[in-house]
1. Quick check: residue separation of Leu144 and Glu5 times 0.36 nm, minus the Cα distance between them. What number comes out in nm?
2. When a/c is below 1.5 the answer is rounded, else prolate if a/b is larger than b/c, else oblate, so apply that to region 47-100 with a ≥ b ≥ c taken from the square roots of the Cα gyration tensor eigenvalues.
3. At a Förster distance of 41 Å, what's the computed FRET efficiency of Val71 paired with Ala126, Cβ-Cβ distance as r, to 0.05?
4. Using r as the Cβ-Cβ distance of Arg18 and Met91, and R0 as 25 Å, what FRET efficiency do you calculate, to the nearest 0.05?
5. Hey, rough spin-label estimate for Glu38 and Ser56, points 7 angstrom out along Cα→Cβ, what's it come to in nanometres?
6. Working only with C-alpha atoms, what are the Rg and Dmax values of region 90-140, expressed in angstrom?
7. Rounded to whole Å and sorted largest first, what semi-axes of the equivalent ellipsoid does the C-alpha gyration tensor of region 7-133 yield via the square root of 5 times each eigenvalue?
Amino acid sequence: MGSSEEAISEVRIAIEQRGNQYPRAHYQLGVALARRGEYKEAIKEFNLAIQQQAGSFPEAQFQLGMMLMRVPDMFAAMDAFREAIKQRNGMYPEAHYNLGLGLSRSMDLDGAIESYKKAIEQRHGAYLEAHQALGRALYAKGDLDAANKEYTLSLAKHGYEAEEGEDESIVIRARATAELREEFEQNLRQAPAAIDSVEPSPAASGKRGRKTAPVTPPAPIAETNGQEAKVTQKLETPEKVKTTEELELPEHAS
């Protein structure tokens, strides 16, 4: 904790020394604050990073979306994911996946299914969480055959592969443990409910709540390699903070 505090302090000094005009450092500071669960402060830093990059900062847009999901402000989060995807010319599997989560929770199952499929396609099929989320959405729509297909694919991604000459579908099922089956089937049963609930608005906002499905904060995220997004960007000290567009958050941050 001490080293984290010290690093955050150094980055704040670096930002101050540049007259508060240091988009990459604002981004790094946002990542550090997100790690500590200071989501509202992280949102401020990501917004500053985006503004100081003339609005073109897809990684910051993505992380902004993740923080907004935690506040939660689902509709603003989905807007941030859409903007991140746009700035990456459509190629941002983690943003597609998290956009799908938001759409699913707002009861737009068709939109969620489309987003999950794009995420899987852009990962060349290697996106376990997206397969599972797609299975849940298909199950919620009553498409059990398609949901079972995603279930089978998710088992395959766990390493239950057929050997040469073996029937893949049989081997996958034979090698899958009861625990893994139960886990996925439980995920399917957790598909969005058909009854909407009203998302409460912050007391100070004075805005009316918007209808959404009950929201469960997502697991810590960021771009991943087959895992749900989690913020993994290392905080850099002022002299090492990068000013070029080389920072990539690995994915539950492409």
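1. Gain on extension, Leu144 to Glu5, equals 45.1 nm.
2. oblate
3. Efficiency for this residue pair is about 0.85.
4. Between Arg18 and Met91 the formula returns 0.20.
5. My value for the distance between the label points is 3.1 nm.
6. Considering region 90-140 through its Cα atoms, Rg and Dmax are 9.4, 27 Å.
7. 29, 14, 12
Every read-out reported here was derived from the displayed coordinates using simple, explicitly stated rules and does not represent laboratory data. Just so it is clear, the structure is predicted and the values come from calculations on it, not from any experiment. Positions of Cβ are generated from backbone atoms using ideal geometry, with glycine treated the same way; all protein chains shown enter the neighbour counts.
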